[in-house]
């Protein structure tokens, strides 16, 4: 299994900028990234701003009531899971 690649904020922004000139699939192939990852970066940038693209690993712990509230909110929304998570 290949190692997961980590991209800096600057690299992510450059890759996203590249998608303005080339198709998403061409950019994904060029940088050997799944196109879903680039789509997720676009959504994160749209909904969370530039700080959402910064890599920071930390575990998030949510209470059971918070989890249930999020599931209920997701089920009542018409958004895809990817868009909902990005928000």
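The values are calculated or read from the model by the stated rules, or taken from the named source; none is laboratory data. Computed from a predicted model, the values in this text were never measured in an experiment. Glycine gets a Cβ as well: all are built from the backbone with ideal geometry, and neighbour counts include every protein chain shown.
Observations
- Residue 37 surrounded by 13 or more Cβ atoms within 10 Å (Cβ to Cβ) and closer than 20 Å to residue 80 by Cα: yes
- Of all positions in region 21-31, none carries a residue that is part of a loop (DSSP other than H, G, I, E, B) and at pLDDT below 85.
- Selection from region 46-68 of residues that are assigned to a helix (DSSP H, G or I), under 16 Å from residue 83 (Cβ atoms) and out of contact with any helix residue (DSSP H, G or I) (no Cβ under 6 Å at 6 or more places or on another chain): 46, 48
- Scanning region 50-71 for residues that are modelled with pLDDT of 90 or more and within 16 Å of the chain's Cα centre (by Cα) yields one hit, 50.
- Condition check for residue 5: in contact with a helix residue (DSSP H, G or I) (Cβ under 9 Å, 6 or more places away or on another chain), more than 23 Å from residue 84 (Cβ to Cβ), at pLDDT below 95 and loosely packed, with under 15 Cβ neighbours inside 10 Å: yes
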